[in-house]
Every structure is written in structure tokens, then in C-alpha cells.
1. Go through segment 112-192 and tell me which helices (runs of 4 or more DSSP H), entirely inside it, have 1 or more residues that are modelled with pLDDT of 90 or more and touching a helix residue (DSSP H, G or I) at 6+ places or on another chain (Cβ under 6 Å).
2. If the Cβ limit is 8 Å and pairs must be 6+ apart or interchain, which residue in segment 4-20 that is under 13 Å from residue 182 (Cα atoms) pairs with which residue that is modelled with pLDDT of 80 or more and of a type in the set (S, T, N, Q)?
3. Considering each residue of segment 104-127, count those that are open to solvent by 30 Å² or more (accessible area, probe 1.4 Å) and more than 20 Å from the chain's Cα centre (by Cα), and give that number.
4. Of the residues 225, 238, 259, which single one is surrounded by fewer than 17 Cβ atoms within 10 Å (Cβ to Cβ), modelled with pLDDT under 80 and aliphatic (A, V, I, L, M)?
5. Checking residue 214 against (1) surrounded by 16 or more Cβ atoms within 10 Å (Cβ to Cβ); (2) more than 22 Å from the chain's Cα centre (by Cα), which test does it fail?
6. Could you please let me know if residue 95 is in a strand (DSSP E or B), open to solvent by less than 40 Å² (accessible area, probe 1.4 Å) and of a type outside the set (Gly, Ala, Ser)?
7. Residue 243 passes all but one of (1) at pLDDT 85 or above; (2) closer than 24 Å to residue 63 by Cβ; (3) open to solvent by 20 Å² or more (accessible area, probe 1.4 Å); which number fails?
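The values are calculated or read from the model by the stated rules, or taken from the named source; none is laboratory data. Predicted, not measured: the structure shown is a model, and the values here were computed from it. Counting neighbours? That spans all protein chains shown, and the Cβs are built from the backbone with ideal geometry, glycine included. These area figures cover heavy atoms from the full protein model, side chains too; ligands, DNA and RNA do not enter into them. Shrake-Rupley method; radii C 1.70, N 1.55, O 1.52, S 1.80 Å.
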Amino acid sequence: MIDFNSTAFTNPSTFFLMGIPGLEYLHIWIAIPFCSMYIVALMGNILILFIIKTETVLHEPMFYFLSMLAITDLILSTSTLPKMLGMFWFNYHEIGFHACLTQMFFIHAFSGVESGLLVAMALDRYVAICNPLRHTSILTNTVVAQVGIVALLRGLVLMTPHPFLVRRWPYCQSNVVPHTYCEHMAVVKLACADISINSLYSLAVIVLIVGTDVTCISLSYVQILRTVFNLPSNDARLKTLSTCGSHVCVILTFYIPALFSFLTHRFSKHIPRHTHILLANMYLLVPPMLNPIIYGVRTRQIRECVQQLFMTKIS
């Protein structure tokens with residue numbers, strides 16, 4: 001077992017991930033549902049990518065954005081789960097200092113990328129419903145690629161200062177991170193310095209990304225609802241709204257756990273630490289697992305392609 005007592009040092013070569021404080025005796029059992037969720041996320045997102053790549057009928061803006069979302073989900077889940085399972089099952093708590101900073105960067109950067117992709121998908125639904133005749137001319141392959149690159153660069157650029165800020169502080173009390181992964185504030189709180197710049201920058205980035213993206217998504221759906229309610233029949237309204245159902249479910253799956261985790265971590269001092277950490281893990285695990293299921297079940301084109309693929313293999 002690892003000795004989690006504090007040690008005296010200034011520049012640690014390694015950190016030790018504690019896991020879920022207070023629930024160490026349940027680590028082996030907690031890892032089972034986590035591993036199951038990771039396997040479902042891997043299989044589901046790889047299947048989505050394979051279907052979109054091989055079926056030309058799915059070579060449309062919505063599915064291009066969905067493939068970007070699947071890649072982002074694979075990166076998010078893979079950046080945390082293998083290390084977490086090694087810690088839970090094999091007692092491998094040690095992580096190199098620079099490996100910790102790299103994990104931190106990937107987690108926070110690609111969370112921002114995923115939020116940007118949800119905005120891009122809302123833009124696609126807006127154009128498809130409010131300007132259907134111009135959908136293909138507005139969202140060309142070039143435009144889709146440019147939107148994806150902007151979402152990627154925004155996430156990378158805004159999160160790049162995080163590891164550099166963490167790297168500059170001295171760590172003279174402990175190198176034990178009370179978390180299952182290298183979460184930014186969990187690591188920086190170990191520093192023997194004034195970390196207010198980290199806290200303020202982190203808060204500013206979250207408010208900027210979430211505030212901007214939620215506002216853009218909300219405005220898109222206000223216009224979508226206005227267009228839908230002007231349609232002549234209830235059947236047409238329901239059919240049009242059904243095309244947005246998958247995207248709305250994915251939005252709720254991503255933002256609700258994220259905001260709940262953020263708000264409880266920042267503003268609630270009475271919630272146990274293990275609850276904070278479990279919420280943070282759900283935020284990284286649940287969307288990658290549910291997104292391919294939601295689109296696989298609710299999107300007719302993907303559902304039909306999956307059924308055709310498995311029927312062909314059976315025959």
C-alpha cells in the first residue's frame with residue numbers, strides 16, 4: 001500500500017493519485033461499473049465512426065460533427081480511465097509530474113472542444129430547419145472542417161495556460177492528489193503559493209466557454225422553435241422537432257453533470273469529498289458512453305445502417 005503521508009519537497013517528479021477519499025475499500029468494486037462504461041464508450045464511438053466512414057448516405061454535416069464528437073469522447077475517456085483502472089485494481093497510484101500535467105491538459109481542453117462541437121451541431125440543426133434549401137450550400141465540407149478546427153483550437157488555446165501555471169508553483173507539503181485523475185484545482189491546491197491566479201483563470205475560462213456556448217445553443221433553439229411553431233400541421237412540427245431530439249439529449253447529458261460538478265465543487269462546502277469526485281468522474285464517463293447510444297437509437301439513418309451491418313454479418 002502507498003503511504004499517503006506528506007513529504008517535504010519543492011519540485012516533485014511524481015504525484016500520487018489517492019483515488020476516492022473515504023471509499024478506498026470500495027475501489028475494486030467501483031472500478032467494475034467504470035470499466036463497463038469505458039468499454040461501452042469505446043465500442044459505441046468506434047462503431048459510430050466506422051458507420052459514418054463507410055456509409056456514404058451519412059456523409060452530411062450533422063454526421064461529420066457527430067464523428068468529431070465521437071473522437072473527442074474517445075480522447076476524454078481514454079485520458080482518464082486506463083490510469084484510473086490501474087489505480088483501482090492494481091494499486092498503481094503513481095503518475096509522473098509531466099504525465100499529470102499532460103492528462104490535465106487533455107481533460108480540460110477536450111471538454112472545451114466537446115462543448116464547442118455541441119454548438120456546431122446546434123448550428124447545423126438551425127440551418128437545416130430554418131434554412132433547409134440552403135443547408136448544403138451553407139454547411140459545405142470546407143465550412144464543416146473550419147468549424148471543427150475552430151472548436152479544437154479554442155479548446156487547446158484556452159486550456160494551454162493551465163499546465164504552465166501549475167508547473168511554476170513549488171510543492172513543498174505533499175504530492176498526494178486527493179482525486180482519481182489530475183484535475184486542475186485538486187493539483188494546484190497542493191502548491192505552497194498564492195494560487196488565486198489559477199482559480200480566477202479557471203473560473204473565467206469556464207464562464208467564457210459555458211456561457212458563450214449555452215447562449216449560442218439557446219439562441220439557435222429559440223429560432224428553431226419559432227420556425228417549428230409556424231409550420232401548418234402538428235405532424236410536421238413533431239417530425240421536425242424529432243430531428244433535434246438526439247442533440248438535445250446529448251446537450252443535457254454533457255452540461256447537467258458538468259455544471260452540477262462545477263457548482264458543488266466551487267460553492268458547496270458541505271458535500272462530502274467523495275461525492276465531488278464521483279460527480280467529476282460521471283461528467284467524464286457518462287457522455288462518452290451515452291452519446292453513441294442516444295444517436296444510435298434516436299437517429300433513423302444510423303439505426304438502419306447498424307441493423308444492416310449486423311444483418312449482413314449474420315447472413
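1. Where helices (runs of 4 or more DSSP H) fall fully within segment 112-192 and carry at least 1 residues being modelled with pLDDT of 90 or more and touching a helix residue (DSSP H, G or I) at 6+ places or on another chain (Cβ under 6 Å), they are 135-138, 141-159.
2. Matching pairs, first to second residue: 14/175; 15/175; 16/175; 17/180; 19/180; 20/180.
3. 1
4. The match here is 259.
5. (2)
6. Numbers: in a strand (DSSP E or B): yes; open to solvent by less than 40 Å² (accessible area, probe 1.4 Å): yes; of a type outside the set (Gly, Ala, Ser): yes.
For residue 95, the condition - in a strand (DSSP E or B), open to solvent by less than 40 Å² (accessible area, probe 1.4 Å) and of a type outside the set (Gly, Ala, Ser) - is met.
7. Unmet condition: (1).
Rundown of residues vs (1) within 27 Å of residue 207 (Cα to Cα); (2) surrounded by 13 or more Cβ atoms within 10 Å (Cβ to Cβ), yes/no style:
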residue	(1), (2)
164	yes, no
171	no, yes
178	yes, yes
185	yes, yes
